[in-house]
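Below is one structure, written out as structure tokens, with a few remarks after it.
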Amino acid sequence: MIKLVAFDMDGTILDEESNISAASLRTIELLLERGVAVASNSGRSIRRSQEPFAPWPHVASALYVGGYNGGVAVSAEREGHRRLLHQECLDAELFRELVAFSREGDFNLICCLCAQEEGGLREEYRHSHSVDGLEVFGGPGFVHDEALYERCLGGEVSAPPKIMIVTGEAQRSGVMDAIKARWGQRIYATWSIPDRIEIMPPHVDKSVALRALAREVGAELDETLAIGDGDNDLPMLKAAGVGVLMGNAKPEVRRSITGTAIEVGPSLSEEGFSATVSRYVEGI
């Protein structure tokens, strides 16, 4: 019996314009009506994870949220607030090393900041360069800080749960290799959008947030269904009782699941999220 459904966002339930289909929205509503816990679990911040659901506040407030690629997990909304269930930030000295590396390459560094305060969660995405023209960026919470490198290296900006280094798609693989060669197991590095690398603390990935969310809702991992389309979704899909990769996943991601228990489902254009949920959750 599935007690928790966790899904990635971009490419899983959201199209290229960050829109959710009527079928996916209705599927989430049906899950909630039947008492099944539902969580988004993405590389997005908590705030940005909620944006696509803004027109449907009854859905937005009921969703649990995993963000920062597994570095943060929060509860569903209660009386206008969410509880921080899990957070893990980069080591402070390691953070400075990564910032210096990014500055040497003149890459756009994005610090994904999250903190629980008395009034609730405070989040900012501080970026060193302009984000004009980059995919899925913009809106409140994004702060262009031309002095970001100096603030980070000087200790004014503390180590966050995640940073992103925007390399461009052509350079991504080479820079990723250099990062892994230099820091190895000291970090978890992955990508979900081809032009940037996401870096989190070691052993932090979407499976960490999935476990925290499952504990919160009283579900065992084998009672969870996880759906995603990216390389960064694979730890979550492997950890879940049922892990399903969307049919629109990139070829290299599809090849990488060979020999695992992860299944391949229909694509986003085929309403793959709804089709997968209806297959594994009774009554949907």
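Residue 238 versus (1) basic (Lys, Arg); (2) closer than 29 Å to residue 76 by Cβ; (3) touching a residue at least 60 places away in the same chain (Cβ under 8 Å): which is the lone unmet condition?
(3)
From the list 48, 96, 82, which one is modelled with pLDDT of 95 or more and open to solvent by 10 Å² or more (accessible area, probe 1.4 Å)?
Being modelled with pLDDT of 95 or more and open to solvent by 10 Å² or more (accessible area, probe 1.4 Å) holds for just one of 48, 96, 82, which is 96.
What are the pairs, 6+ residues apart or on separate chains, where a residue within segment 66-79 that is open to solvent by 10 Å² or more (accessible area, probe 1.4 Å) has its Cβ under 6 Å from a residue that is outside any helix (DSSP H, G or I)?
Listed pairs, sorted by first residue: 77/61.
Considering every residue within segment 145-155, establish whether at least one is touching a strand residue (DSSP E or B) at 6+ places or on another chain (Cβ under 6 Å) and at negative phi.
We begin by selecting, within segment 145-155, every residue touching a strand residue (DSSP E or B) at 6+ places or on another chain (Cβ under 6 Å); these are 145, 148.
Next, from what is left, pick out any that are at negative phi: 145, 148.
There is at least one residue in segment 145-155 that is touching a strand residue (DSSP E or B) at 6+ places or on another chain (Cβ under 6 Å) and at negative phi.
Quick one: how many residues across segment 99-120 are surrounded by fewer than 20 Cβ atoms within 10 Å (Cβ to Cβ) and assigned to a helix (DSSP H, G or I)?
4
May I ask you to list pairs of residues, at least six apart or on different chains, whose Cβ atoms are under 6 Å apart, with the first in segment 35-46 being in a loop (DSSP other than H, G, I, E, B) and the second being small (Gly, Ala, Ser) and open to solvent by 10 Å² or more (accessible area, probe 1.4 Å)?
Hits for this filter: 43/192.
Out of the residues in segment 132-185 that are among the charged types (D, E, K, R) and within 20 Å of the chain's Cα centre (by Cα), which is least open to solvent (accessible area, probe 1.4 Å)?
Out of the qualifying residues, it is 162.
Mind listing whichever residues of segment 261-284 are modelled with pLDDT of 95 or more, assigned to a loop (DSSP other than H, G, I, E, B), among the hydrophobic types (A, V, I, L, M, F, W, C) and open to solvent by less than 60 Å² (accessible area, probe 1.4 Å)?
The answer is 262, 281.
May I ask you to list the residues in segment 1-26 that are open to solvent by 10 Å² or more (accessible area, probe 1.4 Å) and either hydrophobic (A, V, I, L, M, F, W, C) or in a helix (DSSP H, G or I) (or both)?
Listed by number, the residues that qualify are 1, 2, 20, 22, 23, 25, 26.
Name every residue in segment 244-260 that is surrounded by 24 or more Cβ atoms within 10 Å (Cβ to Cβ) and either in contact with a helix residue (DSSP H, G or I) (Cβ under 8 Å, 6 or more places away or on another chain) or closer than 17 Å to residue 277 by Cβ (or both), in order of residue number.
Answer for segment 244-260, where residues must be surrounded by 24 or more Cβ atoms within 10 Å (Cβ to Cβ) and either in contact with a helix residue (DSSP H, G or I) (Cβ under 8 Å, 6 or more places away or on another chain) or closer than 17 Å to residue 277 by Cβ (or both): 244, 245, 246.
Scan segment 55-71 for residues that are at pLDDT below 95 and part of a loop (DSSP other than H, G, I, E, B) and report the count.
Count: 1.
Going by what's in this entry, would residue 276 be described as touching a residue at least 12 places away in the same chain (Cβ under 8 Å), farther than 28 Å from residue 99 by Cβ and out of contact with any Pro (no Cβ under 8 Å at 6 or more places or on another chain)?
Spelling it out, it is not the case that residue 276 is touching a residue at least 12 places away in the same chain (Cβ under 8 Å), farther than 28 Å from residue 99 by Cβ and out of contact with any Pro (no Cβ under 8 Å at 6 or more places or on another chain).
The values are calculated or read from the model by the stated rules, or taken from the named source; none is laboratory data. Keep in mind it's a predicted model, so treat the numbers as computed, not measured. Note that each Cβ is placed from the backbone with ideal geometry, even for glycine, and that neighbours are counted across all protein chains shown. Calculation scope for accessible area: heavy atoms of the full protein, side chains included, ligands and nucleic acids excluded. Shrake-Rupley method; radii C 1.70, N 1.55, O 1.52, S 1.80 Å.
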